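Below: one structure, written as structure tokens.
The values are calculated or read from the model by the stated rules, or taken from the named source; none is laboratory data. Worth saying up front: this structure is predicted, and the values here are computed from it rather than measured. Cβ coordinates were reconstructed from backbone atoms using ideal geometry, including for glycine residues, and neighbour counts include every protein chain displayed.
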Amino acid sequence: MNDISALRHNRLAINEERLWSRHMEMARIGAIAGDGNRRLAMSAEDGEARALLAGWCEEAGLSMQVDRAGNMFAARAGRSGTRAPIASGSHLDTQPHGGRFDGISGVLAALEVMETLNDNEIVTDAPLALVNWTNEEGVRYSPGLLGSAWYAGLFGDDDLAGLRSIDGVLFDDEARARGWLGAPGGKFAMSAFLELHIEQGPILENEGHQVGIVTSVQGLSWLDVKVHGTDAHAGTTPLAMREDALLACAKMLVELNRIGLACGEAARVSVGRLTSATDGPSTVVGEAAFVIDIRHPDPATLDSLKQQCSEACREIAEGARCRIEVAERIFVPPTDFSPECLAALEDSALARGLRHRRITSGALHDAANVAKVVPTAMVFVPCRDGISHNVREYASPQDLAAGTNVLLDAMVALAGH
């Protein structure tokens, strides 16, 4: 037996059946038609999911802490009294028509790592910790990635205190009512953070990879575009004399797509929301607005895309005799992950003989915020047809187990034993 074969043969393996059954049990909370889930942050369903997770953590002998943002930290003791924990996790909240794996898999994988170590009576040098970040999805409370943004210092206590849900409930009041509002004070110390997540895209599945080693999260810019024309009667106003804001927007959307395609495979330029001030079928629209979602892993290219998109919209508006306003609502710079954390994940994938590749995350994740203050990396597992934020979202038990085994090795390697 060669050295690599010996490593594969002697490595611990997580309990695939236990990991899968936990997914299915969690999925019963907030279940909706089509095998989907609806658990908005700090809703009754989120509170029930948190309680279920807390019970499992207690059974595993983990000690629970909750911080000011409602983030949950469940720690497993290590031999060292001075080292901060190696942590892993994700989020339990979902989209309104979400699936059973987005975020949830990362939380349950972290729990499975610690239960596997319990089963084998292995004590690491540094402690380990599971994390459930609050309001990653940003559906009920805005912004998304809320808990990790607060942890990284991007969102303050006063911001939390004034935050209201889409149904008008203060975050503090709801978190307190659910029993998940921690006391003000210091933040949970971590010496590294690893996040397992479904890819939410088709690349790993299409290329036959079992895991993805996520090197970075691409940058994001949201541009708010408002186009002002003139309301007019659709039956009496000649086409050549109109100042049609909606028609101008339609031309902009086509040009924005062309700009994105011309920038290369890594570029993402999208418009998912287009609104008009009037919706009458016989009215030429005088005012319309949309949001451009621009993403790219390279900072310079992201800036160039923002400029090209803004200029194109302005030129089209001028040609349509409309006025325009373009303003940046959100900017998140690209995030590169820790070389040490990446090496720990990649070493495991190699030693286990798993088909893998390095990959950039197209979606934002809590790990991107945490990386600002703690060495961080991510591991992806494939999801069927690349579908996510959808009730049909699916990751196989085997792929979840492969990714969790990589997480197990990496956490133990970083913690020492």
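Observations, loosely collected:
- Residue within the stretch 340-361 that is polar (S, T, N, Q), crowded, with 24+ Cβ neighbours inside 10 Å and more than 25 Å from GLY30 (Cβ to Cβ) present: yes
- Residue check for ALA49: assigned to a strand (DSSP E or B), at pLDDT 95 or above and of a type outside the set (Phe, Trp, Tyr): no
- Checking each residue of the stretch 186-194 against the condition of being among the basic types (Lys, Arg) and more than 30 Å from SER80 (Cα to Cα) gives no match.
- Within the stretch 128-147, residues that are without any contact (Cβ under 8 Å) to a residue 40 or more places away in the chain and closer than 21 Å to PHE188 by Cβ have Cβ atoms under 9 Å from residues that are surrounded by 24 or more Cβ atoms within 10 Å (Cβ to Cβ) and charged (D, E, K, R) in no pair, counting only partners at least 6 apart in sequence or on another chain.
- Strands (runs of 3 or more DSSP E) completely within the stretch 247-335 that count 1 or more residues being farther than 17 Å from VAL227 by Cα and not hydrophobic (A, V, I, L, M, F, W, C): 268-276, 287-296
- Candidates GLY235, GLY212, GLY260: the one that is within 30 Å of CYS341 (Cβ to Cβ) and either modelled with pLDDT of 95 or more or in the same structural domain as VAL326 (by TED's automatic domain parsing) (or both) is GLY212.
- Just so you know, in the stretch 282-302 the residues that are more than 14 Å from ALA327 (Cα to Cα) and among the acidic types (Asp, Glu) include one that is modelled with the lowest pLDDT, and it is ASP298.
- Lone qualifier among GLY260, GLY362 - being of a type outside the set (Val, Ile, Thr), over 30 Å from LEU12 (Cβ atoms) and without any contact (Cβ under 8 Å) to a residue 60 or more places away in the chain: GLY260
- Selection from the stretch 284-313 of residues that are more than 30 Å from SER216 (Cα to Cα) and either small (Gly, Ala, Ser) or surrounded by fewer than 17 Cβ atoms within 10 Å (Cβ to Cβ) (or both): GLY286, ALA288, ALA289
- Just so you know, in the stretch 259-283 the residues that are in contact with a strand residue (DSSP E or B) (Cβ under 7 Å, 6 or more places away or on another chain) and among the aliphatic types (A, V, I, L, M) include one that is surrounded by the fewest Cβ atoms within 10 Å (Cβ to Cβ), and it is ALA266.
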